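A short worksheet on the structure shown next.
What follows is calculated from the coordinates using simple rules that are stated; it is not laboratory data. Here the structure is a predicted model, which is why all the values come from computation and not from measurement. Cβ placement follows ideal geometry from the backbone for every residue including glycine, while neighbour counts extend to all protein chains displayed.
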């Protein structure tokens, strides 16, 4: 057998969106990172192996940004037909070509070495190379979903539903149990221009009439059949293979029902893809210094150590899944946004272990909201950023929260992660400048709020060719320009839709339009510098921008700078939320 050892600062186990983004965030801030993932592709439930779309906070302008939005914009730019192989490649390159990341795919973590209450190393078996990989690090994060490091390290964890009386949660049962939300094998379909027959396998379940599938939506267009769910009454880890077998019987039986047993308008629809890897909603959850509860969410989570937010309803799937004849889920209301505290993102009893994603420290009730991937992604960015701070300062996860929480919050906002009820610190060089524009009010560009909040647009808008100017009383050295453009946080699939636009389709129709970069984004712009001779010269010009957050390293000493939008991706005017000069 082969053996490889990787000495790093920070090891992330699990390469779903949460773990991948945690690794990227830490690596970009200077930490050496190992990312160990047991699948051939990154993205977890968002990958081509499961194909769940990325959901997040409800409500106007509440879409999650940061590294997740960067990935979304790359997908719009490079993947207009929403091909899952292209999507996989975008996720792959973000981690594979980040210089500070050692990427270990097809590598299943199955051992951990401990010294007291600290992890020293983790080991994984890589099936493709028949190699044992050991990651030695001072800091670790478990973003595996199933909390694989918990039983390997002795970390405290919970499984199942709490009794309603433990935390005063009225949506929990009177008695605690080990029941969870189940898992699903999703379906993708395609509408064709001809009649398409369907012959089910002999082992598929039979659903003779609609009464056999009560409360389950039968529409084909726009439906990924999330309600094909099982496993909540079983062990959601040990029995995954048996649960998958049950789900496949249901999947092919449901499609047989839709195609052959009643009129469901599916004559020209074909089943194009079925997930053979179940997408999980819930298994082990870590216990941290704070356990997020239903009541925390209902109270809006205004924690001092808030580092992320949620806003999905408490979407509590019945553990019976497809076996349950009642509604498959109950959407208990939740405010949007609500805050999530840093203290829920690290282990209470393992000193150097973070947890992020659906295995954060939360009750079952709270998890029913926080588990969606938009929320999990920004949890990952919070953990990765905290890890970079910890590496620089020789700190534990808990010490980052006790000593450096304000720094963590500011770094997250600088990286375009929205934190409700917080204001980003604007560089002094921007504050002391005279700010003017050829039209409109540019002052919101330095108010520390990088999206509309309530009735405040927090933006400047003007026609292509308009300008915004920072001017100083004397020449000033400039090293970086930071811009936040409008990527349309309320974008939808089609004009008039109420549902937010997700990263990928679950069904395909001939009339579907291509995905595209949001028209609101500024595509081309230039930065001009005023010299001592009174002439403006071009300091930087970008001609094919497709990102919301743009950072430009520059070297200049100038009396004034101007930003001139030259083109958008289709909108009549350019919109900007922030222009920082430092």
From Cα pairs below 8 angstrom and at least 6 apart in sequence, can you work out the relative contact order of the chain, rounded to a whole percent? 17 percent
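If you take every DSSP beta bridge fully contained in the chain, what fraction is antiparallel? Give it as a percent rounded to 5. Don't skip to the answer; put the middle values down first.
Numbers: 77 of 102 bridges.
Of those bridges, close to 75 percent are antiparallel.
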What would the Debye equation give as log₁₀ I(q)/I(0) for region 521-575 at q = 0.14, 0.15 Å⁻¹, counting only Cα atoms as equal point scatterers? -0.41, -0.46
For region 183-280, the Cα-Cα pair-distance distribution in 10 Å bins from 0, as whole percents, is 16, 49, 29, 6, 0
Provide, as a two-decimal number, the C-alpha radius of gyration of region 401-506 over 2.2 N^0.38 Å, N being how many residues it has. 1.32
Calculate the length of the line joining the C-alpha centroid of region 178-231 to that of region 524-559, in whole Å. 53 Å
Nearest 10, in degrees from 0 to 90: the angle of helix 84-96 to the longest Cα principal axis of the chain is 60 degrees
Computed from the mean reciprocal separation of all distinct C-alpha pairs, what Kirkwood hydrodynamic radius does region 228-287 have, in Å? 13.4 Å
Over all viewing directions the Cα convex hull of the chain casts an average projected area in nm² of 27.6 nm²
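With contacts defined as alpha carbon pairs under 8 Å and 6 or more residues apart, what's the relative contact order of region 183-280 in percent?
Rounded, it is 57 percent for region 183-280.
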Could you give the angle, 0 to 90 degrees to the nearest 10, between helix 373-393's Cα long axis and the longest principal axis of the Cα atoms of the chain? 60 degrees
With 10 angstrom as the radius, rank 115, 219 by how many other C-beta atoms surround their C-beta, starting from the fewest. 115, 219
What is the projected area of the convex hull of the Cα atoms of region 265-315, averaged over all directions, in nm²? 7.0 nm²
If one takes the longest principal axis of the Cα atoms in the chain, at what angle in degrees, from 0 to 90 and to the nearest 10, does the Cα axis of helix 67-78 lie? 90 degrees
